[in-house]
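Here the structure is laid out as structure tokens; the discussion comes afterwards.
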Amino acid sequence: MTYLFSALADPTRRQIFERLAKGAQPVGKLAQGLPISRPAVSQHLAALKAAGLVTDHAEGTRRIYRIDPKGLAAIRIWLDQFWTEALDGYVAEVERSSEDPS
Amino acid sequence: MNLHISPAPVRKSIVVKAGIDKAFAVFTGRMGRWWPKSHSINRATEQIDVVLEPQLRGRWYERGADGSECQWGHVLAWEPPSRVLLAWQIGADWKFDADFLTEVEIRFTAENARTTRIDLEHRNLERFGEKAAESRAAFDSEGGWMGILKVYAETATA
């Protein structure tokens, strides 16, 4: 899945995005184990949200973040799968036509 | 802090056991033989062919069993046998849109007389986001991207 995150040039932001890819998390938990302050984590999350990559909702006093399934990340995953499937079909067709003497 | 994050292009590289002329011919001239049938945009009828008109500005479309045609895009550069650049004009609402354009570049490189490498790049993906923001309702509609979302949900929870 590394390819998906190549868009995210900032390594910390990428790290946050990768954590969210494994499941929704509150800001506090995301901040744990990261070498940056909680406000800095919030700033990265705001950037990810602005890019349509993550979405958030309130749960009590906490704000939970998750990957936006309707965002660009989902489209990119789909296109990546699509082209893999299409090129597999293409390779098969080339090989089929190689067997064909005509 | 930079608030604009552009998604990286989708890039694929494969090698086929065919000379460059044949590799190019099968890719561009016989698309209907290898195009995934599950990715038809025509919901009314079965897809029977995918056609790429072999020239600059040639149309790229699929043909249905009932004779109907659904356009995918057109040819932006036609340089046989080494390169073809396509305009993919299917937006996030899974419909053709003449005002929407992302580029798919396919490069063919002869490794030797019988082996060809193909490098594919689908770029300008951030435009899907611009389009999606414009038509959030269409984006959320049944069909179209529902399949992706399901796959995505499975991936995300795995």
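The values are calculated or read from the model by the stated rules, or taken from the named source; none is laboratory data. Quick caveat, the model's predicted, so the values are computed rather than measured. With ideal geometry, Cβ positions are generated from the backbone for all residues, glycine too; neighbour counts draw on all protein chains shown.
One residue is enough: does the stretch A:3-11 have a residue meeting the conditions modelled with pLDDT of 80 or more and small (Gly, Ala, Ser)? No; the residues of the stretch A:3-11 include none that is modelled with pLDDT of 80 or more and small (Gly, Ala, Ser). Which condition number does A:Thr55 fail, the rest of (1) under 18 Å from B:Pro7 (Cα atoms); (2) at pLDDT 80 or above; (3) touching a strand residue (DSSP E or B) at 6+ places or on another chain (Cβ under 9 Å); (4) in a helix (DSSP H, G or I) being met? A:Thr55 satisfies all of (1) under 18 Å from B:Pro7 (Cα atoms); (2) at pLDDT 80 or above; (3) touching a strand residue (DSSP E or B) at 6+ places or on another chain (Cβ under 9 Å); (4) in a helix (DSSP H, G or I) except (4). The residue that is farthest from the chain's Cα centre (by Cα), among those in the stretch A:12-38 that are within 14 Å of chain B (Cβ to nearest Cβ), outside any loop (DSSP other than H, G, I, E, B) and β-branched (Val, Ile, Thr), is A:Thr12. Checking each residue in the stretch B:101-158 for being among the polar types (S, T, N, Q), at pLDDT below 50 and more than 27 Å from B:His74 (Cα to Cα) picks out B:Thr155, B:Thr157.
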